[in-house]
Amino acid sequence: MLGGAGILLAASPAQAADVSYKTECIPPSISGLPPVQGTTKVQLTAPAEAKVGDTVEVVWKTVEAASSNPDVLDLEKDTVKPTGTVKVGGAASGDLPMEGPRQNPPIPKNSPMVLPDMKGTLKLEKAGEITLTPDAYNINVSKPISTDTKCSPKETVQPGATIKVTDGGGGTTTAGGTTTAGGTTVGGAAGGGAGAGGTDSGGTDSGGTTTGSSGGGNGGQTDFEGKEVSVAYACKTPIGDKNATSPVKIDAKKNGGSFDLTVKFSKSVMDSPADIPADSVKPSMEVKLGGADKGTVHVEGPTNKEPINSGDPIEIPDLTGTYKPGASGRSTLSPGVLTVMALGTTTTCTPPAGVAVSLELDTASQPGGAAGGAATGGTASAGGTDSGGGLAATGAEDNGTLRALGLVAGTAILLGGAVFTFTPWRRLRGTR
């Protein structure tokens, strides 16, 4: 099968025995429930053999989750979404982000959690035996509001599958959103759910010194395509702190001495906590400058044309703005702070300090250009601060925002925090 820009191999699957490991799960913070210990049982499926250059699919089947739905609320159909991480070892190392669809049967109270399969794609760049080991995972529930339960291993986990990689043709094509098994993690969009709060265990982007496809302005070139980089955002939202990863790409078009920028997101970084009417969501970003130039460039997108249903991803449209260089030389552009205004509230997502470069441009200083730290066309947003209008997701105003979202969702906010508890439920209930 063709997968993205590379060849996705699904033939000759090797299905290993179930892997069980002790797990600690952290309920949503607003539930007030303590961490609970449980057991996770996972079955990983991957090709038994592959060649250098192949892109393979890995499937995570949760045979048994370390959680159950307590005697609080029946979970509706298609409200549960898992994301997780598979540790890559042996001849390669790194983290492979995994993501499942928001797909589940109705889960009654006091019933085991039923999670859909998660999948991830892996680019093989080195011969040898590669081991795949299940690691941390997150369970996001979209209704009555978006809540997360974060589960991580509490003992050494045994590999769940092994791929024998042989030399033979190691091509140079890459599949979008894949992880490279050659030593470092370069991508993978776990999130979606990482959107909307799913914990992304892929961590920070380790793509090294990523660069744009071309220098800016040599040989009369006017269009410059950036490299897609995976950004592990830490988000301050009206319903708590969340982590989410999304691939981001910055393109530029030369316009006189300036550049028209377009920032593209390959996936959502958050889900809607409530039904949102049209023209109610407004995204913007402060693109980070480096190299010869300094400061940020403000880019923004249009509001949502269509209503967004509760639990659906909030897709980030293309963000546009103009970069006027403030220095001459080789300047770099990286994804910066993302701000999403919705329903009168502000969600601020901050990238890691070492976020990878998406594009490099040869720049010539322009009067009133960006160098010096000030944003071009806007003011950079700081994590957790109000970037203009609406409520910031910090401090005492949080409670008012939570209540507002609870009313919009048409349900009591505390129910959202009590969606998950873990086995043994009886013992947990006895401690309350």
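A few notes on this one:
- Test for residue 168: is it at pLDDT below 95, within 28 Å of residue 358 (Cα to Cα) and either part of a loop (DSSP other than H, G, I, E, B) or within 16 Å of the chain's Cα centre (by Cα) (or both): no
- Selection from segment 304-322 of residues that are touching a Ser or Thr at 6+ places or on another chain (Cβ under 6 Å) and part of a strand (DSSP E or B): 308, 313, 320, 322
- Of the set (1) at pLDDT 90 or above; (2) in contact with a Cys (Cβ under 8 Å, 6 or more places away or on another chain), all apply to residue 357 but (2).
- One residue stands out in segment 207-261 among those that are among the polar types (S, T, N, Q) and under 24 Å from residue 95 (Cα atoms): the one that is modelled with the highest pLDDT, namely 230.
- Set 156, 162, 166, 121: member being out of contact with any Pro (no Cβ under 7 Å at 6 or more places or on another chain), polar (S, T, N, Q), open to solvent by 10 Å² or more (accessible area, probe 1.4 Å) and under 30 Å from residue 237 (Cα atoms): 121
- Note on segment 60-141: enclosed strands (runs of 3 or more DSSP E) holding 2 or more residues that are under 22 Å from the mean Cα position of the chain (by Cα) and of a type in the set (Lys, Arg) are 80-90, 118-124.
- Test: residue in segment 62-79 that is touching a Gly at 6+ places or on another chain (Cβ under 7 Å) and open to solvent by 40 Å² or more (accessible area, probe 1.4 Å): no
The values are calculated or read from the model by the stated rules, or taken from the named source; none is laboratory data. Computed from a predicted model, the values in this text were never measured in an experiment. A quick note on method: Cβ atoms are made from the backbone with ideal geometry, for glycine too, and the neighbour counts reach across all protein chains shown. For the accessible areas, the whole protein counts, side chains as well, though only heavy atoms, and no ligand, DNA or RNA atoms are used. Shrake-Rupley method; radii C 1.70, N 1.55, O 1.52, S 1.80 Å.
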